[in-house]
């Protein structure tokens, strides 16, 4: 347990939902269980106590093209007012656009930590809808702002070792976004040969994450196979669904929309594999997507992009198949193999689950988070 005036902390986000897995379910609840008085200021319908964490509701910005402008001009300043009112010992930021807010809190004498979920400069560089020169300028500007903030803040947390290389070694720690042990494991899992011929795709649905090639791959499967792709997530942009509906293979797609954690758990317990075939963009090559490890945690084999880091994870643990994410034929071949080799696929799934139990789990990472807090607040 921690005690005294150092015990009150607040996590701040204007982008993520108040039930975000990394922020609320993993980090905030871990800290609350360790004895910290933990608040989360985030977009929510109302104030509430959830999982031992006090939620302070931040009015969410409206959708559409003006959403970011609304956050920058109104929402983030509402967040600052709420944060100052709480007078916490430490403020933990989760969005790059909150760096100016963090600097103002530092000027007021508070401790501030910046939690970097993605390599945002690389993410900006991958925005193909913008001209290359604009992407390069914005990417360099974003990198400069992050480095400026890093020099001023008390500490940096990154979600991957690759992201950590962009920040000062002495004040940076890595807290990887691995699954909670047993959260997605079903006690009544069905043997693979008895499962329906389902492939699970869970997460953001976008072109850069390979959804077009996956749909096309479904169209290349043999007509006598009843394989279905269970598509769980939200489209980005929303009109992407119109494009996907024109592709061969769409007749094999079941659109589930956003799914709760219990619904995801049920989906995994009925599926024969999970697919994560990001395109080989800068921000993806060293990424560690949550769904890769969640598929492994649930005990289903993964069909994943053949990137060097992912090869180390998938081949190294013999827990799935690697494909060229830009080639629907290789994706279709992997799906076909899983359907026709249930015993081998089940063994791959068991290997993945074992790897999560031994290494890729939140319970191990949470120790890093708690030690980091102790070092900042001592």
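Within segment 80-90, is there a residue that is assigned by TED's automatic domain parsing to the domain that holds residue 158, surrounded by 18 or more Cβ atoms within 10 Å (Cβ to Cβ) and under 30 Å from residue 282 (Cα atoms)?
No: segment 80-90 contains no residue that is assigned by TED's automatic domain parsing to the domain that holds residue 158, surrounded by 18 or more Cβ atoms within 10 Å (Cβ to Cβ) and under 30 Å from residue 282 (Cα atoms).
Of the conditions (1) touching a strand residue (DSSP E or B) at 6+ places or on another chain (Cβ under 7 Å); (2) modelled with pLDDT of 95 or more; (3) within 18 Å of residue 372 (Cβ to Cβ), residue 55 clears all except one; give me its number.
Unmet condition: (3).
Could you grab me the full set of residues in segment 269-299 that are farther than 16 Å from residue 117 by Cβ, modelled with pLDDT of 95 or more and either not in a helix (DSSP H, G or I) or not assigned by TED's automatic domain parsing to the domain that holds residue 350 (or both)?
Scanning segment 269-299 gives 271, 272, 273, 274, 275, 276, 277, 279, 280, 299.
Would you say residue 129 is modelled with pLDDT under 95, surrounded by fewer than 16 Cβ atoms within 10 Å (Cβ to Cβ), under 26 Å from residue 280 (Cα atoms) and not assigned by TED's automatic domain parsing to the domain that holds residue 288?
The answer is yes for residue 129.
Scan segment 265-294 for residues that are closer than 22 Å to residue 23 by Cβ, touching a strand residue (DSSP E or B) at 6+ places or on another chain (Cβ under 6 Å) and in contact (Cβ under 8 Å) with a residue 24 or more places away in the chain and report the count.
Number satisfying all stated conditions: 3.
Suppose we filter 118, 97 for residues that are under 24 Å from residue 135 (Cα atoms), in a loop (DSSP other than H, G, I, E, B), in contact (Cβ under 8 Å) with a residue 60 or more places away in the chain and outside the structural domain of residue 286 (by TED's automatic domain parsing); which single one remains?
One residue alone meets the criteria, 118.
Go through 346, 368 for me and flag whichever is assigned to a helix (DSSP H, G or I) and outside the structural domain of residue 270 (by TED's automatic domain parsing).
368
Starting from segment 136-147, keep only residues that are assigned by TED's automatic domain parsing to the domain that holds residue 99, then list their pairs with residues that are at pLDDT 90 or above and not in a helix (DSSP H, G or I) whose Cβ atoms are within a distance under 8 Å, requiring at least 6 positions of separation or different chains.
143/166; 146/114; 146/116; 146/166; 146/167; 147/166; 147/167
Quick check, is residue 262 modelled with pLDDT under 95 and in a helix (DSSP H, G or I)?
It is true that residue 262 is modelled with pLDDT under 95 and in a helix (DSSP H, G or I).
Answer with yes or no whether residue 309 is assigned by TED's automatic domain parsing to the domain that holds residue 263, in a loop (DSSP other than H, G, I, E, B) and surrounded by fewer than 18 Cβ atoms within 10 Å (Cβ to Cβ).
Considered against the rule, which asks whether it is assigned by TED's automatic domain parsing to the domain that holds residue 263, in a loop (DSSP other than H, G, I, E, B) and surrounded by fewer than 18 Cβ atoms within 10 Å (Cβ to Cβ), residue 309 comes out as no.
Which of the strands (runs of 3 or more DSSP E) contained wholly in segment 150-202 include at least 3 residues that are touching a strand residue (DSSP E or B) at 6+ places or on another chain (Cβ under 9 Å) and not assigned by TED's automatic domain parsing to the domain that holds residue 339?
In segment 150-202, 155-158, 172-174 are the strands (runs of 3 or more DSSP E) which contain 3 or more residues that are touching a strand residue (DSSP E or B) at 6+ places or on another chain (Cβ under 9 Å) and not assigned by TED's automatic domain parsing to the domain that holds residue 339.
Scan segment 318-330 and tell me whether some residue there is out of contact with any helix residue (DSSP H, G or I) (no Cβ under 9 Å at 6 or more places or on another chain), in the same structural domain as residue 265 (by TED's automatic domain parsing) and either more than 20 Å from residue 297 (Cα to Cα) or touching a residue at least 40 places away in the same chain (Cβ under 8 Å) (or both).
Checked against the condition, which is being out of contact with any helix residue (DSSP H, G or I) (no Cβ under 9 Å at 6 or more places or on another chain), in the same structural domain as residue 265 (by TED's automatic domain parsing) and either more than 20 Å from residue 297 (Cα to Cα) or touching a residue at least 40 places away in the same chain (Cβ under 8 Å) (or both), segment 318-330 yields no hits at all.
Is at least one residue of segment 331-339 closer than 27 Å to residue 36 by Cβ and either in contact (Cβ under 8 Å) with a residue 40 or more places away in the chain or within 23 Å of the chain's Cα centre (by Cα) (or both)?
No, segment 331-339 has no match at all.
The values are calculated or read from the model by the stated rules, or taken from the named source; none is laboratory data. None of the values given here were measured: they were computed from a predicted structure. Don't worry about glycine lacking a Cβ; one is built from the backbone with ideal geometry, like all the others, and counts go over all protein chains shown.
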